[in-house]
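Participant: Pasting a structure below so you can have a look.
The values are calculated or read from the model by the stated rules, or taken from the named source; none is laboratory data. This one's a predicted model, so the numbers in the text were calculated from it and none came from an experiment. Neighbour counts are summed over all protein chains in view; Cβ atoms, including those assigned to glycine, are modelled from backbone coordinates with ideal geometry. Heavy atoms of the whole protein, side chains included, go into the accessibility calculation; ligands, DNA and RNA do not. Shrake-Rupley method; radii C 1.70, N 1.55, O 1.52, S 1.80 Å.
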Amino acid sequence: MKQLDAVYLPDLHQQDDYRSLAVGMQALDWHHIDQVNWENDYPYRPTVQFQIAYSQQAMVLHYQVEETFLRAQAVHSNGNVWEDSCVEFFVSFDQREHYYNFEFNILGTGLIGYGPETKSARRRLSASEIQKVKTFTQIQQIDGVKTWQILLVIPVELVNKDYESLRGTQAFGNFYKCGDALPDPHFVSWNPITHERPNFHLPAYFGQINFQR
């Protein structure tokens, strides 16, 4: 099982544009989303890395992606963002009993769910709740190479937490890149998954996230 540290940056949530947030996180480690868990059927692996930090008010994720094709069709909250160029963050604060799934496409359109692994018992957050997540994206194409970045600023109140309840605690989660409807569909993870078919909703395969003091 992989593990990583979510670094505490007390003033990070006060930044309100991509460049300022990226500069605030520039000293942090980059982690790779490079596990092709279903290689026989879905061998394509985009180049994806991410950083994670948190502040007194938010968890902050910074993804950088390089992939052959880009897709952006979902424009409404809780739409089929996983069919687009999409990054995801699943996290559990109660020993994998329940977890949040944060899924955002290249436009910053989001889907957020919460509950146990059993799909019938999970619920989607409302559009107004999802829109509390600030998203900052940028897209580049240089010499035919397509790259995009997205920063997610997730209020800790959205996961029923506050700064004191996160600091120094241990959570479990996984980070993903997918694109179900792209010409090269793919299902890539940070922590490896051993399962017969593509499925990210498997908390048994979450890695460890340490929220530093």
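Participant: Specify the residue with the greatest mean-square fluctuation among GLY115, GLY179, GLY144, computed from a Gaussian network of the chain linking alpha-carbon atoms under 10 Å apart.
Facilitator: Checking each option, the largest mean-square fluctuation is seen for GLY144.
Participant: Okay, helix-only estimate at 222 nm for the chain: each DSSP H run of n ≥ 4 adds -39500 (n - 2.57), divide by all residues, round to 500 deg cm²/dmol; what do you get? Can you show the working numbers first?
Facilitator: Values: 3 runs with 15 residues, N = 213.
So the calculated ellipticity at 222 nm is -1500 deg cm²/dmol.
Participant: Can you give the net charge of the other residues whose Cβ lies under 11 Å from the Cβ of GLU88, counting K and R as +1 and D and E as -1?
Facilitator: Net charge in that neighbourhood comes out at 0.
Participant: Excluding TYR54 itself, what net charge comes from residues whose Cβ is under 10 Å from its Cβ, given Lys and Arg +1 and Asp and Glu -1?
Facilitator: So the surrounding residues net to +2.
Participant: Could you tell me the convex hull volume per residue, in Å³, taken over the Cα atoms of the chain?
Facilitator: With only Cα atoms used, the chain gives 115 Å³ per residue.
Participant: I need the phi-derived Karplus couplings for the stretch 198-211: 6.51 cos²θ - 1.76 cosθ + 1.60, θ = phi - 60°, integer Hz, Gly and Pro marked x.
Facilitator: For the stretch 198-211, the Karplus curve yields x, 6, 8, 8, 9, x, 4, 9, 6, x, 9, 10, 9, 7 Hz.
Participant: Suppose accessible area is computed on protein heavy atoms with a 1.4 Å probe; arrange PHE187, PHE102 from highest to lowest.
Facilitator: PHE187, PHE102
Participant: How much of the accessible area of the stretch 174-213, in percent, comes from carbon and sulfur atoms when a 1.4 Å probe is used?
Facilitator: On the stretch 174-213, the fraction of accessible area on carbon and sulfur atoms equals 47 percent.
Participant: So how much accessible area does TYR18 have, in Å² to the nearest 10, using a 1.4 Å probe?
Facilitator: Its accessible surface works out to 40 Å², give or take rounding.
Participant: If you don't mind, there's one more thing I want to ask. Using a Gaussian network model of the chain with C-alpha springs under 10 Å, which one of ILE52, ILE139, ILE154 is most mobile by mean-square fluctuation?
Facilitator: ILE139
Participant: One quarter of the convex hull surface, Cα atoms only: what value does that give for the stretch 95-139 in nm²?
Facilitator: Mean shadow area of the hull around the Cα atoms is 3.8 nm².
Participant: Right, something else. Kindly count the pairs of lysines across the chain whose alpha carbons are less than 27 Å apart, treating pairs on different chains or eight or more residues apart as eligible.
Facilitator: Counting lysine pairs in the chain gives 14.
Participant: Once you have the Kirkwood Rh of the stretch 44-165 from its Cα pairs, apply Stokes-Einstein at 37 °C and 0.692 mPa s and quote D in µm²/s. Numbers along the way, then the final one.
Facilitator: Details: Rh = 15.2 Å.
D = 216 µm²/s.
Participant: What is the distance in Å between the Cα centroid of the stretch 125-175 and that of the stretch 11-59?
Facilitator: 9
Participant: Next question. Taking the Cα centre as origin and putting +1 on Lys and Arg beta-carbons and -1 on Asp and Glu beta-carbons, what dipole magnitude results for the stretch 1-156, to the nearest 20 debye?
Facilitator: Computed about the Cα centre, the dipole is about 380 debye.
Participant: Here is a further query. Based on DSSP loop calls and a cut-off of at most 10 other Cβ atoms within 10 Å, the longest stretch of the chain free of exposed GluC sites (Glu not before Pro) is what?
Facilitator: Between exposed loop sites, the widest span is 40-195.
Participant: Same structure again: Sum up the charges of everything whose Cβ sits under 13 Å from the Cβ of GLN140, counting Lys and Arg as +1 and Asp and Glu as -1, but leave GLN140 out. Walk me through the numbers on the way to the answer.
Facilitator: On the way: positive: LYS146; negative: GLU66, GLU67, ASP143.
Around GLN140, the charge tally is -2.
Participant: Turning to a different aspect of this structure: Over the stretch 45-179, average the accessible area per residue using a 1.4 Å probe and give it in Å², no decimals.
Facilitator: In whole numbers, the stretch 45-179 has 42 Å² accessible per residue.
Participant: Residue farthest toward the positive end of the dipole of the stretch 77-212, with Cβ of Lys/Arg at +1 and Asp/Glu at -1: which of LEU125, TYR176, PHE136?
Facilitator: Farthest towards the positive pole: LEU125.
Participant: Once neighbouring chains are kept in place and the probe is 1.4 Å, which whole percent of the accessible area of the stretch 63-157 is contributed by carbon and sulfur? Write down the numbers at each step before the final one.
Facilitator: Numbers: 1970 of 4380 Å².
The C+S portion of the solvent-accessible surface of the stretch 63-157 is 45 percent.
Participant: Could you tell me the relative contact order of the chain? Use alpha-carbon pairs under 8 Å, at least six residues apart, and round to a whole percent.
Facilitator: Values: 501 pairs, mean separation 59.9, N = 213.
It comes to 28 percent, rounded to a whole number.
Participant: Could you calculate the FRET efficiency of ASN160 with GLU117 from 1/(1 + (r/R0)^6), where r is the beta carbon distance between them and R0 is 22 Å, rounded to 0.05?
Facilitator: Calculated value: 0.70.
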